[in-house]
Amino acid sequence: MQQSLADNRYHRLGKKIFIFFAGAVVLVAVFSLATAYKQDYFTKMTTLYLFSDNATGIKRGMAVKILGFNIGEVESIAIEPNAKVRVKIAVQSDYMRFVTLDSRAKLFKEGMIGESVIEITPGSQELRPMAHNAVLPFSRGHDLSEIADELYGEIKPVLKGVGRAVAAVNDPEGDVQQSLRNMNKISKNALSITEDVASRLPRLLDEAESITKTVNDGLPVMIENSKQSLENIRSATSDLKQITAASAHEIPQVLQGGQALVKDSRSIVDGVKEAWPVRNMIAPPQEQPLLIDSYVQPPPPR
Amino acid sequence: MFNHLRPVKYLLMAMAVTASGCGSPPAKISPMLENAVGYNLQGKQFSQSKDYRNALISYNKALQVDRSIENADGIALNLLNLAQIYLALNQVDAAQASLDEVFNNATGIFQASQQIQAAMQKALIFNSLSQHKLAGEWISRANVLCGASCAQRGLILNVQARFALDEQQPDIAIDLAHRALSVHQKEMLSHEIANSLRLIGEAHLDKQLSDKAIPFLQEALQLDKNQGLPARISLDLLLLGMAHKNISDHAVVFFRRSLAVSQAAGDLVGEQRAIRALDSVTSARKCQPNELTRQCN
């Protein structure tokens, strides 16, 4: 009975082992394919080369970006016989349409403490894309120390100026110190003036009160007079308006009459001029000669 | 007695009045000519106020209008006026050109009297430029054109007298000036009468006949004063001073009066002449009285 049981467990054992290993192989294969896909092993890549003076900051596997997108990586770094560093990069062929003949590659750091990356600037779309194995012009961006040097160069004169300003402020014979002393004097004078004003203030207030009282006493009379004057003016204006309104239609007539009178007078004068015997007394206007005489100015004395 | 003739008298009077009233009215001038007259009178006003630039503009406008209506008298008159203005502005060539146009009379529209005037003005210009020969030629031309009688006869005689005096021919000058004087006295031209009198006086001074010169010069002075002509008054006084040279105090008074008039009128030439005359009296009297007119040094 025990024998029969043992036989059943080992029944078709070889087949079972085969299935187990086959399943493991399939799983490994699927995992490997997935990894390869993830690693872009199935993406078509274009190889480009960069040449640099040195390899500082460049390392294998470094990302290559365009417009901030990761499009490839550094495949290898090697020293050339002419002491130049050759960097081989692989760029996904799909993005090669942006990498045209006038594109440039630049090494720079993403953020203050970020990774260094190679950024490719997109070229003009009118030009054709770079060919496989082409050389991309390369330059290095400013690293932190260089930026710090530049910053220091710019800040240095400012700092010197601040130093001189501080020295000038501290100089006892300087303008600032003298101004402060003057301010002190002015403050003291202002204080004494204030004290003086304070001492006189009660008397001034008394006088002001007296003036106010006088004005208050006289003001009603003045207001009454003003009212009367305004009333007179209003009345006179009203009269003037009435006179103007009454004569409004007469004024143009008077003016027209005046014009007509002038015209008539002119006509009368013209008529008189034309009439006998006046016409014989008036000579028609004539052009006149300048006086010519025989006087000769003697020559000036010598 | 003649009452029956009264209606006839009234009738004759009425006819006379009517006849005189029917006389043709004075010819009206055209608007264009009116313009020319306006510009001409404007030019005269500018000239009298010594604004010669504007006078030039006005006379040129008058001339242009006169040319456009071929008013020959106006053209000649304005050309002669322009010559005087150009001369006042020291533009002698332009003055000569204006006078040549009148004298040459290329269009044949000008009258002889206008040509005579042009010739006479040219003579005076040449005289002022000290080109005495040319001046003599032009006054001769004027004289030939004038013939026996013309409106400018007196002027020509006076100018001839002046030239004779400058050529130190006082007798001829006196003769010519006297003839001019009689012409001008007939025409009542005061300024020309004064010119003739002055010339006679100056000629007598040249002949060292001071006593004869004085009455002519005094009369000339009076006429010049009446017309208010400062340069001529100053010259009359100067000549009177020379005529009184023998009585030095009198001479000094006349010279001072001459100086005062010239100074007041701003006549620098007259002023210099008077100062020089005063110096000659106060100094050692190296000059003869008649020599002063010839700028005795």
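The values are calculated or read from the model by the stated rules, or taken from the named source; none is laboratory data. Predicted, not measured: the structure shown is a model, and the values here were computed from it. Here the Cβ positions follow ideal geometry from the backbone for every residue, glycine too, while neighbour counts run over all protein chains shown.
Restricting to region B:96-106, and then to whatever is polar (S, T, N, Q) and touching a residue at least 12 places away in the same chain (Cβ under 8 Å), can you tell me which residue is surrounded by the fewest Cβ atoms within 10 Å (Cβ to Cβ)?
Of everything passing the filter in region B:96-106, B:GLN96 is surrounded by the fewest Cβ atoms within 10 Å (Cβ to Cβ).
Which count do you get for residues in region A:116-154 that are surrounded by 11 or more Cβ atoms within 10 Å (Cβ to Cβ), among the hydrophobic types (A, V, I, L, M, F, W, C) and within 34 Å of the chain's Cα centre (by Cα)?
Residues in region A:116-154 being surrounded by 11 or more Cβ atoms within 10 Å (Cβ to Cβ), among the hydrophobic types (A, V, I, L, M, F, W, C) and within 34 Å of the chain's Cα centre (by Cα): 5 in total.
Being over 26 Å from the mean Cα position of the chain (by Cα), away from every other protein chain (no Cβ under 14 Å), part of a helix (DSSP H, G or I) and surrounded by fewer than 16 Cβ atoms within 10 Å (Cβ to Cβ) is the filter here; which residues of region B:257-285 pass it?
Residue satisfying the conditions is B:THR282 alone.
Going by the structure shown, is A:ALA55 closer than 15 Å to A:ALA105 by Cα, at pLDDT below 90 and among the hydrophobic types (A, V, I, L, M, F, W, C)?
Spelling it out, A:ALA55 is indeed closer than 15 Å to A:ALA105 by Cα, at pLDDT below 90 and among the hydrophobic types (A, V, I, L, M, F, W, C).
Of these, B:ASP211, B:ASP236, B:ASP166, B:ASP224, which one is farther than 26 Å from B:GLN131 by Cα, within 12 Å of chain A (Cβ to nearest Cβ) and not aromatic (Phe, Trp, Tyr)?
It is B:ASP224.
Quick one: in region B:148-189, which of the residues that are touching a residue at least 12 places away in the same chain (Cβ under 8 Å), small (Gly, Ala, Ser) and closer than 20 Å to B:ALA213 by Cβ is surrounded by the fewest Cβ atoms within 10 Å (Cβ to Cβ)?
Going through the qualifying residues, I end up with B:ALA164.
May I ask you to list the residues in region A:116-168 that are part of a helix (DSSP H, G or I), of a type in the set (A, V, I, L, M) and closer than 30 Å to A:ILE71 by Cβ?
A:LEU144, A:ILE147
Looking at region B:83-95, which of its residues are surrounded by 15 or more Cβ atoms within 10 Å (Cβ to Cβ), within 14 Å of another protein chain (Cβ to nearest Cβ) and over 16 Å from the mean Cα position of the chain (by Cα)?
Within region B:83-95, B:TYR86, B:ALA95 meet the criteria.
Exposed (fewer than 15 other Cβ atoms within 10 Å of the Cβ), more than 10 Å from chain A (Cβ to nearest Cβ) and touching a residue at least 24 places away in the same chain (Cβ under 8 Å): is that true of B:ILE116 in this structure?
no
Provide a single number: the residues in region B:123-153 that are within 14 Å of chain A (Cβ to nearest Cβ), of a type outside the set (A, V, I, L, M, F, W, C) and more than 14 Å from the chain's Cα centre (by Cα).
Residues flagged as within 14 Å of chain A (Cβ to nearest Cβ), of a type outside the set (A, V, I, L, M, F, W, C) and more than 14 Å from the chain's Cα centre (by Cα) within region B:123-153 amount to 7.
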